Amino acid sequence: MPVVISLLRGVNVVGRNQIKMDQLRALYESLKFTGCQTYINSGNVVFSTRERSLAALPARIEKAIERKFGFRPSVIHRTVGELRDVIARNPFARRSDIHPSKFLVGFMAADASAEACAKLRAINVGPEEVHFAGRELYIYFPNGVGQAELSWSSIDRAMKVPITGRNWNTITRLLAMAEALESSK
């Protein structure tokens with residue numbers, strides 16, 4: 001059974017789209033996923049599934065969330081192997097000046113078009129550093145996300161595919177949880 005990391009977009013942000021993590025975990029369990037675990041209050045779920053078509057899972061989960069909670073967030077998935085690759089492709093790995101809480105990975109639902117990447121590159125990003133790699137954006141915010149010149153809304157407008165960000169600490173924790181679930185089988 002594959003282990004999947006599910007990342008919900010825009011959940012529990014500034015008082016909107018509220019879901020308690022115990023309710024989210026129960027929803028995933030009701031969909032017959034096993035080993036369901038949530039991490040922090042931003043819509044991260046690690047689980048196992050017997051599903052053969054992982055590509056169909058996001059729409060199925062989005063629909064279930066809409067029925068239960070009355071809104072439909074984008075759900076973006078990565079397998080354990082894909083999350084390992086995200087970590088292995090870290091363009092900042094050799095730099096000692098990168099603070100993990102200021103380093104975000106934007107997970108996209110699909111590859112961004114060349115046009116979208118060019119549009120994002122054209123935005124004056126100030127001190128922020130942006131790197132593209134497949135379905136991920138690696139972004140370092142040296143002054144913190146709250147003080148960034150590059151806004152998440154401008155990233156959204158440029159990329160034109162659903163995208164959700166997680167900081168490096170969260171990503172490494174999610175991988176550890178997923179690997180533990182994978183090894184428990």
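Please treat every number below as a calculation from the coordinates, not as lab data. What you see is a predicted model; the values in this text were computed from it and never measured. Cβ atoms come from the backbone with ideal geometry, glycine included; neighbour counts cover every protein chain shown.
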Could you sort 58-69, 85-96 so that the peptide with the highest average Cβ count within 10 Å comes first and the rest follow in order?
58-69, 85-96
The stretch 17-52 to the stretch 93-144: how many Å between their Cα centroids?
27
Quickly rank 102-109, 25-32 as a protection proxy: mean count of other C-beta atoms within 10 Å, highest first.
102-109, 25-32
Give the residue from SER96, GLN23, LEU137 lying farthest towards the positive end of the charge dipole for the chain; charges sit on Cβ (+1 for Lys and Arg, -1 for Asp and Glu) and the dipole is referred to the Cα centre.
GLN23
State the number of lysine pairs found in the chain whose Cα atoms come within less than 17 Å, restricting to pairs 8 or more positions apart or on distinct chains.
5
Of every Cα-Cα pair in the stretch 92-167, the percent that sits beyond 21 Å:
20
Relative to the present Cα-Cα distance, how much length would full extension add between ARG173 and ILE87 at 0.36 nm per residue of separation?
29.8 nm
Compute the label zone of LYS185 within the stretch 60-78: residues whose backbone N is under 17 Å from the point 7 Å along Cα-to-Cβ.
77-78
Length gained when the stretch ASP156-ILE98 is fully extended (0.36 nm per residue, less Cα-Cα span):
18.5 nm
Relative to the compact-globule estimate 2.2 N^0.38 Å (N residues), the Cα gyration radius of the chain stands at a ratio of 1.02
Estimated [θ] at 222 nm from DSSP helical runs (n ≥ 4, -39500 (n - 2.57)) normalised by residues in the chain, nearest 500:
-10500 deg cm²/dmol
Rounded to whole Å, sorted largest first: equivalent-ellipsoid semi-axes of the stretch 1-62, Cα gyration tensor
21, 12, 9
